[in-house]
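Before any comments, here is the structure.
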Amino acid sequence: MKKLGLLCLLSLIFFSANAQDYAYPMPEYTPTAGNLESRQEFQDMKFGMFIHWGIYSVLGDGEWVMYQQKIKNDTYKKLTKFFNPQDFNAEEWVQIAKSAGMKYITITSRHHDSFSMFDSKATDYDIIDATRFDRDPLKELAEACKKEGIKLNFYYSLLDWAREDYGFGHKIVDGKPVDADWDKYIAFMKAQLTELLTNYGEIGCIWFDGHWERKKADWRYNEIYSLIHELSPSTLIANNHHLTPIPGEDIQTFERDLPGENKGGYSKGVKVSQLPLESCATMAKSWGFNLNDKKYKSTKQLIHFLVNAAGKNGNLLLNVGPMPNGEIQPEFVQTLKEVGAWTTKYGESVYGTRGNVIKTQKWGTITKKDKVLYVHILNPTKEPYIFIPELKEKITSATSFDGKTKIKFKQLKEGTFLYTKMDSNDTIDTVLKLKIK
Ligand code: FHN
């Protein structure tokens, strides 16, 4: 019942998705050459690990536990005393991501609960000042990522349930919360973003979240985005506001959905833009560690998500919520290993590809790299062929993925027939290669 109430509330919050609703000044923005290059690199990477980790993990009830269990801030703060993740090993996390085939990591630097998971001089409510852990996990992660060639991105919550200057729940008048200190809050965020962009090496992306809680506020993106682009022009900005992107942003995100879809309920009316696209998804239901969440997605489901995202020209940012001891739960590690076996074999058909070659079909989708089309048969047909509509490119040859078996095809004006045996040994995805002119 509690969950149903929350769902209703969220769907109300997310109902409107019109970028024009945001009526405040935006930065004058022309991306630098370095920024445009980062966008290409981002698109080439295709697969990233999302990490939701905070003191909430102690309660094992997801990252919204403070809100859902109506825990007052003074009580919630006691969690800092129990958070001492002695088994945290940044190298291990990076290895798990890397062997799954993930090329980047996006980690929560501060979530809605207000707690900063990094050493921040802008607040004492951070991992160094408020816990006995006495280590900065983002610093350790930044070092491990650098060593292993993994890009590091920071999630940053705009919404804050605890700070007085934010004034959670206060009415918004003239773009600001009444009886709070909006100027101070904006200055605080700018100070933290400056820390995140100057103390952790090169950061691939700042990934904002929480705008949707305050749609009528002036978030001062003109200042915030300009600050980021000035401090680090190649760093990309994503904002999970569930709107069509607004000026100054470099990536468009889709929560629990493929680009252009709205099955998750967060993307109603959202138009797919020309920016690099990214879908984020959970491995079970929850983002933050949830002891009771056993709704694990299968390896096959996750690979299909990755391939379908690539087919729609997007990346997949797949989430893990580490446990309070600092480890990623074994169920996720196992599934990621299996995903890794697939990406090791078929990665070529995903990394560096672009999508939107055809509309997604019942049987699957297509990705493209240079003069090769990768046909992904995700749902084998009953007929001994598949039909590919709308294909403009002239096919010169069709083979199995390993190139060893030739495949008969007939290319007509209306589309192409590929006479293929669906590989019953490979029920996840039968990948075929079409060479084109
Ligand atoms: O409220 C958050 C949620 O906790 C999580 O961080 C997801 C990730 O996309 N975003 C928000 C809901 O839109």
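When Lys271, Lys337 are screened for being open to solvent by 60 Å² or more (accessible area, probe 1.4 Å), closer than 23 Å to Lys151 by Cα and in the same structural domain as Val65 (by TED's automatic domain parsing), only Lys337 passes.
Right, Ser116: within 16 Å of the ligand (Cβ to nearest atom) and touching a residue at least 12 places away in the same chain (Cβ under 8 Å) or not? Yes: the conditions hold for Ser116. Conditions first: (1) surrounded by 19 or more Cβ atoms within 10 Å (Cβ to Cβ); (2) within 16 Å of the ligand (Cβ to nearest atom). Pro85 passes all but one, so which condition is the exception? That leaves (2) as the condition not met.
In summary, Ala162 fulfils each of the numbered conditions (1) closer than 18 Å to Lys121 by Cα; (2) open to solvent by 50 Å² or more (accessible area, probe 1.4 Å); (3) within 16 Å of the ligand (Cβ to nearest atom) with the single exception of condition (2). Listed conditions (1) loosely packed, with under 13 Cβ neighbours inside 10 Å; (2) hydroxyl-bearing (Ser, Thr, Tyr); (3) in contact with a strand residue (DSSP E or B) (Cβ under 9 Å, 6 or more places away or on another chain) are all met by Ser349, apart from (1). Scanning segment 172-192 turns up no residue that is closer than 29 Å to Ala33 by Cα, buried (at least 20 other Cβ atoms within 10 Å of the Cβ), in contact (Cβ under 8 Å) with a residue 60 or more places away in the chain and within 16 Å of the ligand (Cβ to nearest atom).
For Ser120, the conditions (1) outside any helix (DSSP H, G or I); (2) surrounded by fewer than 19 Cβ atoms within 10 Å (Cβ to Cβ) all hold with the exception of (2). The residues on offer are Tyr29, Tyr24, and the sole one that is at pLDDT below 95, more than 19 Å from Ile251 (Cβ to Cβ), of a type in the set (Phe, Trp, Tyr) and in the same structural domain as Gly326 (by TED's automatic domain parsing) is Tyr24.
The values are calculated or read from the model by the stated rules, or taken from the named source; none is laboratory data. Keep in mind it's a predicted model, so treat the numbers as computed, not measured. Cβ coordinates were reconstructed from backbone atoms using ideal geometry, including for glycine residues, and neighbour counts include every protein chain displayed. Each accessible area value is taken on the protein alone, full model and side chains, heavy atoms only, with ligands, DNA and RNA left out. Shrake-Rupley method; radii C 1.70, N 1.55, O 1.52, S 1.80 Å.
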